[in-house]
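No lab work stands behind these numbers, since they all come straight from the coordinates. Just so you know, these numbers come straight off a predicted model, no measurement behind them. As a convention, Cβ positions derive from the backbone with ideal geometry for all residues, glycine included, and neighbour counts pool all protein chains shown.
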Amino acid sequence: MDRSLEGRLKMKRGKRGTKTSSFGSPGRINHDSTPFYTSKLYEGLPKEQKMKYIENHIPKEFLNKIFCKSSEKMEELPDNSVHLMVTSPPYNVGKEYDKDFTLEEYLEFLKRVWKEVYRVLVPGGRACINIANLGRKPYIPLHAFIIRDMLDIGFLMRGEIIWNKASYASPSTAWGSWCSAANPTLRDVHEYILVFSKGTFQRKNVNKRKSTISREEFLEFTKSVWTFPAVSAKEIGHPAPFPVELPYRCIQLYTYKGEVVLDPFMGSGQTAIAAIKAGRYYVGYDIEEEYVKLAEKRIKKFLIECKSPRLFEFTRRNK
């Protein structure tokens, strides 16, 4: 065979795309995965929609504001106006701000909020829910129930992140039966961050806004396990705060500069502080006036600290 013809044939063969291998087969899956996603495994699950991108503006007076009311009705926010929702809902375990709901009542309450979140998110907007499971007799897998309800509403699930608190968690002595198979108890050193999209996985950047995530952050934040410490409830002044690092990572990964971040259970204001830190707007809701005031106080303190010149900056300005 002519060598030049042989070379052309090899090149032609090399350009052929590959298809998803059978489960368990080696090989990369960066090719045509249509047979996998059109298989019966995916029947009955929400599917991507062809959605026209709509982005409505939130009135300026409602931006960077926390509303002291339930997020079951967020009349202040137009349809398709929020780019990301990050929250950690109340756990209904007897803390002073919790209501004593049955599990069914609690999930129905959350579902009303998730439906409002779906309404206000732009097409392709993301929702990140930080949740810990509860109890041992029996164990309540809250994350599984929330995933079920989010899929029922129509959200597409993007994945779940394990927040590993192991090396930072306070020591627990809830061993169950110590060094015995009678009834050993698992001690949770992790929580979940469930990640969803509205309608479509990709979100258009029609306004050409800027990504602010660094290469190092992107490599770290796209891993499915995040390791960083929790924060002290006593230090923050709220019974169940999450660290600013958690919403900050979600904001950097899933939004552009100048976009809007919603927290329907704002609590101590951690999401708002993370949004300000990343150059985004925030909108929050909380039913407890005490915590709205706490969040506003902490936000104000953070802004003052951000605007105050450091020693070397002060010296340089006054030379």
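About its Cα centre, region 109-198 has a charge dipole of approximately 200 debye under the convention of +1 per Lys or Arg Cβ and -1 per Asp or Glu Cβ, with nothing else charged. Descending by average beta-carbon neighbour count within 10 Å, the peptides 242-249, 186-193, 51-58 line up as 242-249, 186-193, 51-58, the highest first.
Based only on other Cβ atoms within 10 Å, what is the fewest-to-most ordering of R215, R158?
Values: R215 7, R158 15.
Lowest to highest Cβ neighbour count: R215, R158.
3J(HN,Hα) couplings calculated from phi for region 84-91 with the Karplus curve 6.51 cos²θ - 1.76 cosθ + 1.60 (θ = phi - 60°) are, in sequence order, 8, 10, 10, 7, 10, x, x, 9 Hz; Gly and Pro show x.
The Cα-based radius of gyration and maximum Cα-Cα distance (Dmax) for region 108-160 are 12.1, 41 Å. Estimated from the Cβ-Cβ distance and a Förster radius of 51 angstrom, the FRET efficiency linking S224 and K300 is about 0.90.
The modelled label-to-label distance for the pair L63/K210, using points 7 Å beyond Cα in the direction of Cβ, is 1.6 nm. A Förster radius of 22 Å, combined with the Cβ-Cβ distance separating E288 from D100, puts the computed FRET efficiency at roughly 0.90. Among the listed pairs K60/K223; K40/K115; K52/K257; K115/K223, which are separated by more than 24 Å between their Cα atoms? From K60/K223; K40/K115; K52/K257; K115/K223, over 24 Å: K60/K223; K40/K115; K115/K223.
For the pair L134 and S180, what calculated FRET efficiency results from E = 1/(1 + (r/R0)^6), where r is the Cβ-Cβ distance and R0 = 30 Å, to the nearest 0.05?
0.80
Put simply, when 289-296, 176-183, 278-285, 217-224 are sorted by average Cβ atoms within 10 angstrom per residue, most first, you get 278-285, 289-296, 217-224, 176-183. The residues packed around Y254, meaning those with a beta-carbon under 11 Å from its beta-carbon, carry a net charge of +4 if Lys and Arg are +1 and Asp and Glu are -1.
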